[in-house]
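Below is one structure, written out as structure tokens, with a few remarks after it.
The values are calculated or read from the model by the stated rules, or taken from the named source; none is laboratory data. Note that this is a predicted model, so its numbers are computed, not measured. Here the Cβ is made from the backbone with ideal geometry for all residues, glycine too, and neighbour counts use every protein chain on show. The accessibility values were calculated without ligands, DNA or RNA, using every heavy atom of the protein model including side chains. Shrake-Rupley method; radii C 1.70, N 1.55, O 1.52, S 1.80 Å.
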Amino acid sequence: MKPIKLICCLQRFTPLCVVALLGFLEYSFSYEFSYKCVHPRSASIGLIVIFNVLLTLIFGLWFAVLYSGPGFIECQIPPYDLDSFFKNGQKYIKDQQKGDCSAKNYEIVTHKELLSVPDMFICNFQGLPGWCTTCKSLKLTRAHHSSSCNRCVITMDHFCTFLGGVIGQKNYGMFLGLIVLMNFICLFSFISIFSLRKSVNGTHPTTIICVIGCITFFGMVTNLILQNLLQIRHNETTIEQLAKGDIKRAYRRIKKKGIYEKDHLKRIATYVNLKHPSIEGIRLVVPLTVEDYPYDTGSFIENFRCRTSRRHASLFQDKKVIAVASHQEVSKLFAEKLLERIHKHEIEVTIFGKESIET
Ligand SMILES: [Zn+2]
């Protein structure tokens, strides 16, 4: 068996391991510690009830995360209507080369079957948006094709090996609630055992294993919560953050080799295709570095709302609604700052149409 296949095979059993661990926690905390060692009986019953309510909530939320699903793009989204802009860009470059610098607008021919182009959207270096060849659909800015679901997921965050499901726009809020609850049950078990350790008669070895397990799990989940809070701060998904990490490492390697002396300073993560601020019918392609956060609204609460809104997931069911939704993807704050940087010539711009799109 190939190593990748073996890892995939083992990944399938990870949720069962988590269930087994929670089962062990239930046995050691409720039975070995609370029932056998804690007195009076009322305190023992109180601990068992609180622990089991928390455990039931955990399993309930886990079921809800998997049952709700991450949120899928339910229809095939046609490409953006970029044809005129591409041809206009080529004309504009030729005009510039001829020395024709007179300010003029360029004609835009629209195609009904294609999606109208938003003022700004995330693209590749050629200025083109992502396209899913499996779903035969436009990959709107934050959609990602999940190989485990074989569909494009809206604002996909990651595939959670421990829960056995994909986390996306629709179940991200529930996922956050679940990890907070898991942290809380570990903290509750640990504090209960630690504070009552002097009043109980002898400690069963499973209780000691339970304490070690709680501390380890608490540390791991706290790290996960902190990571998610940092991501929400800039309105980033785990996938986006990991991609930036790969880029940072790649540029660090370039810097070490000293091949492209200035290129390592750029650290380009992605590009934005946007309307030319003054010439109608022309679009620009602008590089973004790892320090740019195109979805950051500037407010933690607003970012949190944006990441956890189930209403946002419901916008991707119908082509007409998608056309409107696709116009609101890059945050207003980012759009304003980017236009300001272009105006001040602080950022390198390329005319859309300059790069050939033939592969
Ligand atoms: Zn897809």
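Please list 3J(HN,Hα) in residue order for region 40-53, calculated via the Karplus relation 6.51 cos²θ - 1.76 cosθ + 1.60 where θ = phi - 60°; whole Hz, with x for glycine and proline.
x, 4, 4, 5, 4, 5, x, 4, 4, 5, 4, 4, 6, 5
If each residue of separation counts as 0.36 nm, what is the full-extension length gain between LEU339 and ALA243 once their alpha-carbon separation is subtracted?
On the way: separation 96, 0.36 × 96 = 34.56 nm, distance 2.50 nm.
Here the answer is 32.1 nm.
Taking the Cα atoms of region 134-213, report the difference between the largest and smallest coordinate on each principal axis, in whole Å and largest first.
Dimensions of region 134-213 along the principal axes of its Cα atoms: 66, 20, 12 Å.
Sorted from largest to smallest, which semi-axis lengths in Å does the alpha carbon gyration tensor of region 79-191 give for its equivalent ellipsoid, taking the root of 5 times each eigenvalue? If you can, show how the numbers build up before the last one.
Numbers: eigenvalues 433, 52, 25 Å².
Three semi-axes, in Å: 47, 16, 11.
Taking H placed 1.01 Å from N in the peptide plane, check which residues at least 5 places from GLY71 or on another chain put their amide H under 5 Å from its amide H.
Placed amide hydrogens put LYS170 under 5 Å from GLY71.
At 7 Å along the Cα-to-beta-carbon direction for both ARG310 and THR110, put a label point, then send me their distance in nm to one decimal.
Taking the simple label geometry, ARG310 and THR110 are separated by 3.5 nm.
For an R0 of 41 angstrom, estimate the FRET efficiency from the Cβ-Cβ distance between THR133 and TYR27 and round to the nearest 0.05. Spell out each step's value before the answer.
Values: r = 49 Å, r/R0 = 1.20.
My answer for the efficiency is 0.25.
Rounded, prolate or oblate: which fits region 205-311 when a ≥ b ≥ c are the square roots of the eigenvalues of the alpha-carbon gyration tensor, with rounded for a/c under 1.5 and prolate only if a/b beats b/c? Write out the running numbers ahead of the final one.
Values: a/c = 4.62, a/b = 1.62, b/c = 2.84.
In terms of gyration-tensor shape, oblate.
Running a GNM on the chain with Cα contacts under 10 Å, which residue among SER28, SER68, SER42 ends up with the highest mean-square fluctuation?
Looking only at SER28, SER68, SER42, the largest GNM fluctuation is found for SER42.
So who's got an amide H within less than 5 Å of the one on THR270, skipping anything under 5 residues away but keeping other chains? H placed 1.01 Å off N, in plane.
LEU288
Counting alpha carbon pairs within less than 8 Å and at least 6 residues apart, what relative contact order, in whole percent, applies to the chain? Write out the running numbers ahead of the final one.
Working: 509 pairs, mean separation 86.4, N = 359.
In percent, rounded to a whole number, it is 24.
Provide the per-residue ³J(HN,Hα) series for region 294-303, in order, calculated from phi with Karplus coefficients 6.51, -1.76, 1.60 and θ = phi - 60°, each as a whole number of Hz, with x at glycine and proline positions.
My calculation for region 294-303 gives x, 9, 5, 8, x, 10, 4, 5, 5, 4 Hz in order.
Can you give the FRET efficiency to the nearest 0.05 for PHE125 and LYS332, using r as the Cβ-Cβ distance and R₀ = 22 Å?
0.30
Hey, in the GNM for the chain with a 10 angstrom Cα cutoff, which one of LYS248, LYS98, LYS337 fluctuates hardest?
In this elastic network of the chain, the residue with the biggest mean-square fluctuation among LYS248, LYS98, LYS337 is LYS98.
Run the numbers on region 175-234 and let me know its relative contact order in percent, using alpha-carbon pairs under 8 Å that are six or more apart. Provide the component values of the computation, followed by the final result.
Numbers: 24 pairs, mean separation 31.5, N = 60.
Relative contact order comes out at 52 percent.
Protein chains only, probe 1.4 Å: how do TRP62, TRP131 rank by accessible area, largest first? Before the final figure, lay out the partial values.
On the way: TRP62 20, TRP131 115 Å².
Largest accessible area first, the list is TRP131, TRP62.
Against the longest alpha carbon principal axis of the chain, how many degrees, from 0 to 90 and to the nearest 10, is the axis of helix 83-98 turned?
Helix 83-98 and the main axis of the chain meet at about 50 degrees.
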